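The values are calculated or read from the model by the stated rules, or taken from the named source; none is laboratory data. Predicted, not measured: the structure shown is a model, and the values here were computed from it. In this analysis, Cβ positions are derived from the backbone assuming ideal geometry, glycine residues included, and neighbour counts consider all displayed protein chains. Please note that ligands, DNA and RNA were not included when accessible areas were found on the heavy atoms of the full protein model with its side chains. Shrake-Rupley method; radii C 1.70, N 1.55, O 1.52, S 1.80 Å.
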Amino acid sequence: MAKLYINEKNKKGHINPEIYGHFSEHLGRCIYEGLYVKEDSGIPNVNGMRTDVVEALKELKVPVLRWPGGCFADEYHWMDGIGPKENRKKMINTHWGGVLEDNSFGTHEFFELCRQLGCKTYVNGNVGSGTVREMSEWMEYMTFDGVSPMADLRKENGHEEPFKVDYFGVGNENWGCGGNMTPEYYANLYRRYQTYVRDYKKDEPVRKICGGPNSDDTDWTGKVLATCFASPHPDKDFHGFMDGLSLHYYTTPGGWEEKGSATCFDEKVWYQTLYKALYMEELIRMHGAIMDSYDPEKKIGLIVDEWGTWFDVEPGTNPGFLYQQNTMRDALVAAVSLNIFNKHCDRVKMACIAQMVNVLQAVILTEGDKMLLTPTYHVFHMYRGHQDAELLDSELVDVPKAGREEYVVPSLKESVSMLKDGSILATIANLSIEESRDVELVFAERQPKEVKATILTEKMNACNTFDEPDKVKEAVFEDVTLTDRGVFFTIPACSVVSLKIC
Ligand code: AHR
C-alpha cells in the first residue's frame, strides 16, 4: 500500500492563486468564437463575451488572464484595437493561419472580459516590432488617472476610470517569434523598455515580467539575469528591474516533428507524454538554481506563462489554429503539472495554461453555440481550492514505477495544502494505465473527522465530444474511509482524485 505522509505543522509556502492562470491569444478560435462572439451575435453574450463560456470559467475561479499573445503580442499594435469598431484597422494574422483580424477585440474588450471573470489582468507588450513609445503610451492609456493625451483618449473611447494592469510582459519569446534576439540584446532592450512601463498608481504597482527561456535554455536565463543585474543599484531591494521571469514549456510526446494525434495514441505514447510533462520539475529546478544565484530571497517569480500539451491539429482544421481534442492524457498532464507548481510555490508565482478555449490544451471547446468542458477543465475544478492555500509538507512512499521502455514514471504524484478554514486539500494522480493502488493518507497531527472526495477517471484516450459532452466528468468519489491515522482509498488506474479533509 502507498502511504502519503502529511505534516500539517510544516508549511512550505503560499500557493499564489495565479498558478492556476490562463492564456488567451488572438490565435484560431480562442478569442473570436471561443470567448468573444460580438455584441450582435445570436449566441447569448454580455457585451460580446459568450455567457456559457464565462459562466463555466467563473466556476474555476480563474485568477489571471494573459493576453494578447504569444507570438501575436510582438506583432500587435494596440492602437489598432481601440475606438469605434467600424474604424478599427483590419489586418492579416500572419502568424496564425493568415486570417483576417478585425481588431474588434482590443484593450477595452480584454478588460471587460476580465471584469466578467473577476480575474487579474496580464497584458503582454510588443518588443519585437513595437516601439518604446508605443509600449509606454499603452500603459498611460490603460492606467493613468488624470489629464494626459492617452488618458483623454481612453475617456473619449468611453472609459473614464483607468483600468488595472496587474502584470505586464515586456515581449514574448524574444529568442524566437518575438524577434530572434540574443539574450544579451533582449536583456538590454528589456532594461530600456521596462523603464517606460510606468507605475501611475504607486499603491498598486504593475508587476513586470521579463521574457525568459524556452524549455531548458539555461544560457538564456543566465545571460538575461546577468545583464539585468549588471549595474550596481542603490536600492538594497533591487531585483533586476523585474518581478518575474517567464518560462515556456510544451509537452510534445515525440518532439516538435512528431507531436502525434491528440486522441489516437498507444500505451507507450501515454507514458512518453507523462514522462515529458514531468520534465517541468527539472526545468523549475534548473532555472530556479540560476535565479537563486541572483535572487536568493526569491523576490522574482518564475512565471510559467505558457505550458500544456501540443499535439497535431484535429484532422480537417486549419493547421494555424492549433485546435486539438483533450483526453484523460491531458487531464493527467494537468494534474501532475499543477502538483509540481504547487510543490515549487516558493519560486513559481504564476502559470498560464495554453490556451483557455479552442487552442492547444484548452479547458473549453466550442462549436457554434455549443460548448463542452474538457478533462483538463475538470482537473482545474478539482484543484481550485489550492489557490491561496499554504503548501504542506507531504511525501509519498512505497510508490512503484509505471511505464514502457525508457518512459518510466512514478505511478502516483501528489500535492497537499491547508486552506484558510484549516481544512486540507490533497490532489493525487495515478499515472498508471494498468494498476489501481491502495493509498493511505497519514497525518502527523490530525485525526480526520470528515472527508469529501471527487474523482476523474476513464479510459486513457476518452474525451468529451459535442455528441457526448459528459463522457469524462468529475464525480463524487464515495469509496473513501477514515482510518485511525488518516484516510484510505483505492485510486483507480488512470485517474485524478481530490480529497478535502477536515
Ligand atoms: O501558444 C501558442 C504559441 O506558442 C505562442 O504564441 C507562442 O508564444 C508559443 O510559441
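Against the test of being crowded, with 19+ Cβ neighbours inside 10 Å and out of contact with any helix residue (DSSP H, G or I) (no Cβ under 7 Å at 6 or more places or on another chain), the options Ile6, Ile43 yield a single qualifying residue, Ile6. The residue list Glu86, Glu109 contains one member that is outside any loop (DSSP other than H, G, I, E, B), more than 16 Å from the ligand (Cβ to nearest atom) and crowded, with 17+ Cβ neighbours inside 10 Å, which is Glu109.
Evaluation of Tyr200 against the conditions (1) within 16 Å of the ligand (Cβ to nearest atom); (2) touching a helix residue (DSSP H, G or I) at 6+ places or on another chain (Cβ under 9 Å); (3) outside any helix (DSSP H, G or I) shows that the sole unmet condition is (1). For the range 112-137, the set of residues classified as aliphatic (A, V, I, L, M) and surrounded by 19 or more Cβ atoms within 10 Å (Cβ to Cβ) consists of Leu113, Leu117, Val123, Val127, Met135, listed by residue number. Of the strands (runs of 3 or more DSSP E) lying entirely inside the range 353-398, the ones with 3 or more residues being more than 16 Å from the ligand (Cβ to nearest atom), acidic (Asp, Glu) and closer than 21 Å to Val442 by Cβ are found at 390-397.
Every listed requirement among (1) within 16 Å of the ligand (Cβ to nearest atom); (2) among the hydrophobic types (A, V, I, L, M, F, W, C); (3) open to solvent by 50 Å² or more (accessible area, probe 1.4 Å) is met by Cys71 save one, (3). Residues that are within 16 Å of the ligand (Cβ to nearest atom), assigned to a loop (DSSP other than H, G, I, E, B) and open to solvent by less than 40 Å² (accessible area, probe 1.4 Å): does the range 220-234 have at least one? No, the range 220-234 contains no residue that is within 16 Å of the ligand (Cβ to nearest atom), assigned to a loop (DSSP other than H, G, I, E, B) and open to solvent by less than 40 Å² (accessible area, probe 1.4 Å). Quick one: in the range 438-471, of everything that is exposed (fewer than 12 other Cβ atoms within 10 Å of the Cβ) and more than 31 Å from the chain's Cα centre (by Cα), which residue is nearest to Met418 (Cα to Cα)? Among them, the one singled out is Glu445.
Here Thr263, Thr251 are screened, and the one residue that is within 16 Å of the ligand (Cβ to nearest atom) and crowded, with 16+ Cβ neighbours inside 10 Å is Thr251. Of everything in the range 275-314, what is closer than 17 Å to Cys463 by Cβ and either surrounded by 23 or more Cβ atoms within 10 Å (Cβ to Cβ) or of a type outside the set (Val, Ile, Thr) (or both)? Give them in sequence order. Answer for the range 275-314, where residues must be closer than 17 Å to Cys463 by Cβ and either surrounded by 23 or more Cβ atoms within 10 Å (Cβ to Cβ) or of a type outside the set (Val, Ile, Thr) (or both): Gly308, Thr309, Trp310, Phe311, Asp312, Glu314. Among the residues making up the range 14-49, those that are of a type outside the set (A, V, I, L, M, F, W, C), assigned to a strand (DSSP E or B) and either within 30 Å of Ser337 (Cβ to Cβ) or within 16 Å of the ligand (Cβ to nearest atom) (or both) are His14, Gly21, His22, Tyr32, Tyr36.
Condition check ((1) charged (D, E, K, R); (2) out of contact with any strand residue (DSSP E or B) (no Cβ under 9 Å at 6 or more places or on another chain); (3) free of Cβ contacts under 8 Å to residues at least 12 places away in the same chain) across all residues:
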position: Asp237; (1), (2), (3): yes, yes, no
position: Met242; (1), (2), (3): no, no, no
position: Ser246; (1), (2), (3): no, no, no
position: Gly260; (1), (2), (3): no, yes, no
position: Tyr271; (1), (2), (3): no, no, no
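Of everything in the range 177-197, what is within 16 Å of the ligand (Cβ to nearest atom) and either more than 22 Å from Asp217 (Cβ to Cβ) or of a type in the set (A, V, I, L, M, F, W, C) (or both)? Give them in sequence order. Selection gives Cys177, Met181.
Only one entry of Ile353, Ile340, Ile428, Ile424 meets the criterion of being open to solvent by less than 30 Å² (accessible area, probe 1.4 Å), closer than 20 Å to Glu59 by Cβ and β-branched (Val, Ile, Thr), and that entry is Ile353.
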